[in-house]
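For reference, the structure is listed below as structure tokens.
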Amino acid sequence: MIRPRPRGDAGQAFPIYITVVAGLLFLALAYLAVGQAAVRRSDAQTAADAAALAAAQKTRDQLAGLWLENLDDPTKWQAIFDGQGGDSFCWRAVQLGAQNDAEAHCAPDGPLSYTVDARTNRSVGDSIVPGTENVHATAHAIAVIEALCTFPPPGGGGGDSLPALTCQGGKVWHLKPHDTTGLPKPEDLFDVHLADSPANDH
């Protein structure tokens, strides 16, 4: 004879079912909170990287312009390649930070480097983790300007010839006084990249 299943079994299983569902829902919300935090950290790093690179690129362009202005006086070249005579372009870093919805704090680290700390304007947002609505992601970035060219010591300014400029990849530029045709571009003279990361052309 098959005995009827006690109704109490179903009643006992229901609280367990509710507990399991609640646990799974909690885990899903926890993963969502982690995902929100990861997105904000990525936003902060993007803002910091872009801000630092933007300031460094402005310095690179200015130094390339100074080199062009002093093309006929190679005694000044080395100082330019060392970053002397350039201005601080931290304002450009702040500008790029704002464009990426972040507050950027920039400081020159010598004539050929910028350090930027960025903080997202938007918080992580509401989640099951208390206080996340007031938490903002932060990130740090350093951009470096690196001279790519070398040349033999000049004998003096002016003259009928200029030192040959040897740049990255073995490219040699044979320059002539007062001849501004076919000159190297800013990216030929200087590389701009983030420190502690693979160099990229910008």
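Only the coordinates and a few stated rules stand behind these numbers; no lab work does. Keep in mind that this is a model prediction, so the values were computed, not measured. Glycine also receives a Cβ, built like all others from the backbone with ideal geometry; neighbour counts cover every protein chain displayed.
A few remarks follow.
- The label point for D82 and the one for S42, both projected 7 Å from the Cα toward the Cβ, are 4.4 nm apart.
- If you plug the beta carbon distance of D73 and S123 into 1/(1 + (r/R0)^6) with R0 = 45 Å, you get a FRET efficiency near 0.25.
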